[in-house]
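K.L.:
Would you mind keeping the following structure in view while I ask a few things?
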Amino acid sequence: MTYGRACCPPAALFLLALLVVGCGSGQKSGRPDIDAIPEEELRGAAAKASLYEFSAKVKKRGVSAAKADLPDLLEGLQGYEKLKVGKAYKDTVKQIVESSQALQVELGSSATKESVTKAADEIGVLADKLPGTANANPSVE
């Protein structure tokens with residue numbers, strides 16, 4: 001009898017999560033204007049916004065900003081191979097990931113503000129190739 005009671009809370013949480021999140025990925029937002037935007041464009045706009053913000057922070061604060069924000073940026077870009085997007089998108093994100101990983105290696109050695117800013121600018125140029133729109137010059141603290 002204790003076994004039944006012990007498994008109920010995890011099972012209930014699982015069912016609650018399914019209800020909240022939904023079972024399928026094809027769930028529509030309920031807004032035709034948003035539903036009409038292709039997934040690739042939505043993902044591209046989000047990635048662009050993150051990359052532009054990263055670049056702006058590096059330009060403003062230098063090496064310390066790159067060291068603080070690059071791990072999160074790379075984590076957000078991982079898994080791009082599994083996305084249901086076109087080859088051009090995947091190729092561009094692959095280049096961005098490779099440039100970001102090279103920057104991460106550089107940050108482990110003797111990186112200067114100039115070299116880090118140059119790398120961030122190169123990542124920003126690659127971000128321009130992604131679909132979607134984002135503010136290319138965000139204001140950062």
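Where a number appears in this text, it was derived from the coordinates with a stated rule and is not lab data. Everything numeric here is computed off the predicted structure, so don't read it as measured data. Here Cβ is always computed from backbone atoms with ideal geometry, including for glycine, and neighbour counts include all displayed protein chains.
K.L.:
Quick one: which residues, 5 or more positions from ALA136 or on another chain, have an amide H under 5 Å from its amide H? H modelled 1.01 Å from N in the peptide plane, none for Pro or chain starts.
P.N.:
The list, which skips near neighbours in sequence, is empty: none.
K.L.:
Can you list, bin by bin at 10 Å, the percent of alpha carbon pairs in segment 44-141, starting at 0?
P.N.:
Histogramming segment 44-141 at 10 Å steps yields 17, 53, 26, 4 percent.
K.L.:
Using θ = phi - 60° and the Karplus relation 6.51 cos²θ - 1.76 cosθ + 1.60, list the HN-Hα couplings for segment 53-60 in order, rounded to whole Hz, with x at every Gly or Pro.
P.N.:
Each residue of segment 53-60 in turn: 5, 4, 4, 5, 5, 5, 4, 7 Hz.
K.L.:
Here's a follow-up. Quote the FRET efficiency, to the nearest 0.05, computed for GLU106 versus GLU75 with a Förster distance R0 of 25 Å and r equal to the Cβ-Cβ distance.
P.N.:
For R0 = 25 Å, the calculated efficiency reads 0.85.
K.L.:
Another question, if that's okay. Which pairs, out of LYS87/LYS129; LYS57/LYS113; LYS57/LYS129; LYS60/LYS94; LYS57/LYS118; LYS59/LYS129, put more than 23 Å between their alpha-carbon atoms? Numbers along the way, then the final one.
P.N.:
Working: LYS87/LYS129 13 Å; LYS57/LYS113 12 Å; LYS57/LYS129 20 Å; LYS60/LYS94 26 Å; LYS57/LYS118 13 Å; LYS59/LYS129 20 Å.
Beyond 23 Å: LYS60/LYS94.
K.L.:
Something else about it: Quick one: Karplus J couplings for segment 71-87, per residue in order, coefficients 6.51, -1.76, 1.60, θ = phi - 60°, nearest Hz, x for Gly and Pro?
P.N.:
Result, rounded to whole Hz: x, 5, 4, 5, 4, x, 8, 5, x, 4, 5, 8, 6, 8, 9, x, 4.
K.L.:
Next question. Could you please report the charge total around LYS60, scoring K, R as +1 and D, E as -1 over all other residues with beta-carbon less than 12 angstrom from its beta-carbon?
P.N.:
Numbers: positive: LYS57, LYS59, ARG61, LYS113; negative: GLU53, ASP69, GLU141.
Taking every Cβ under 12 Å from that of LYS60, the sum is +1.
K.L.:
What order do you get for 119-125, 98-104 when each peptide is scored by the mean count of other beta carbon atoms within 10 Å, highest first? Show your work: numbers first, answer last.
P.N.:
Details: 119-125: 19.3, 98-104: 16.7.
Taking the mean over residues of other Cβ atoms within 10 Å, the ranking is 119-125, 98-104.
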